[in-house]
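In what follows, a structure is listed as structure tokens, so that the remarks can point back to it.
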Amino acid sequence: ELREQTLVLVKPDAVQRRLVGDVIGRFERRGFKLVAMKLLQVPELQEGRGYVCGYPCIIAPRCHQADRGLLDRHYQHLQQKPFYPALLAYMTSGPLVAMVWEGYNVVRSTRAMVGDTDSAQAAAGTIRGDLSMHVSRNVVHASDSVETALREIGFWFQRDELVAWESGDSQYTYG
Ligand code: DAT
Ligand code: MG
């Protein structure tokens, strides 16, 4: 399926460490097609104050489309884990970049490019293996199956935020 899609998040640690371009560059060079991208911060829940951004908002910000519920849905399978509160704090600690990449076998290829969940075990040459050292700051998220990708893209993007476009190099990429 040439139109397979996956969700990639460049997590807050990677934005802070100025690694966004490196991560995007890897998927671009591989040949995948970028079909959606945005920078947003998921507001954190503060006692008595509701959801607040880490930075004072001047205009009604787009990040308010998100809330912690987004992360609860995204990390549904981890909510009972002891590290879940720390994971939430990390994921709301700063802006992240959400992207949808499209292409042949993109879900599996992207997981291979991302590497082991535990950055300490991740192979050199993978994003985590090259750019990070610890499981709790592992730079990126990538969907783990085609079904998960469909659900996750729906969590992070509205339908009209995905751009359908014809890539000029497709006959050189796919033959
Ligand atoms: P992946 O991100 O490789 O799909 P996952 O879905 O099992 O891995 O877990 C999601 C994130 O949760 C992972 O990227 C980092 C965090 N995490 C997983 N296991 C952890 C652990 N043992 N300690 C701390 N954070 C962990
Ligand atoms: Mg996962």
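The values are calculated or read from the model by the stated rules, or taken from the named source; none is laboratory data. Every value quoted in this text rests on a predicted model; they were computed, and no experiment measured them. Cβ atoms come from the backbone with ideal geometry, glycine included; neighbour counts cover every protein chain shown.
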(request) Working only within segment 125-173, note down all residues that are basic (Lys, Arg) and in contact with a Phe, Trp or Tyr (Cβ under 9 Å, 6 or more places away or on another chain). (result) ARG137
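So which of LEU96, LEU88, LEU131 ends up being within 12 Å of ligand 1 (Cβ to nearest atom) and surrounded by 17 or more Cβ atoms within 10 Å (Cβ to Cβ)? First the steps, then the outcome.
Working: LEU96 fails: within 12 Å of ligand 1 (Cβ to nearest atom); LEU131 fails: within 12 Å of ligand 1 (Cβ to nearest atom).
Going through LEU96, LEU88, LEU131 in turn, just one is within 12 Å of ligand 1 (Cβ to nearest atom) and surrounded by 17 or more Cβ atoms within 10 Å (Cβ to Cβ): LEU88.
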(request) Considering only segment 123-169, state which residues are away from ligand 2 (no atom under 15 Å from the Cβ) and touching a strand residue (DSSP E or B) at 6+ places or on another chain (Cβ under 6 Å). (result) PHE157, GLU161, LEU162, VAL163, SER167
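So is ASP160 of a type outside the set (Phe, Trp, Tyr), assigned to a loop (DSSP other than H, G, I, E, B) and either within 12 Å of ligand 1 (Cβ to nearest atom) or surrounded by fewer than 16 Cβ atoms within 10 Å (Cβ to Cβ) (or both) or not? Spell out how you get there, then give the answer.
Details: of a type outside the set (Phe, Trp, Tyr): yes; assigned to a loop (DSSP other than H, G, I, E, B): no; either within 12 Å of ligand 1 (Cβ to nearest atom) or surrounded by fewer than 16 Cβ atoms within 10 Å (Cβ to Cβ) (or both): yes.
In short, no.
Where residues in segment 85-122 are among the polar types (S, T, N, Q) and in contact (Cβ under 8 Å) with a residue 24 or more places away in the chain, which of them is nearest to ligand 2 (Cβ to nearest atom)?
Per the stated criteria, the residue is THR110.
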(request) Name, by its number, the condition in (1) away from ligand 1 (no atom under 14 Å from the Cβ); (2) farther than 14 Å from PHE32 by Cα that does not hold for ASP72. (result) (1)
(request) Scan segment 40-71 residue by residue and report those that are modelled with pLDDT of 75 or more and surrounded by 14 or more Cβ atoms within 10 Å (Cβ to Cβ). (result) LEU40, GLN41, VAL42, PRO43, GLU44, LEU70, LEU71
(message) When you scan segment 72-84, do you find a residue that is part of a loop (DSSP other than H, G, I, E, B), away from ligand 2 (no atom under 14 Å from the Cβ) and modelled with pLDDT of 95 or more, even just one?
(response) yes
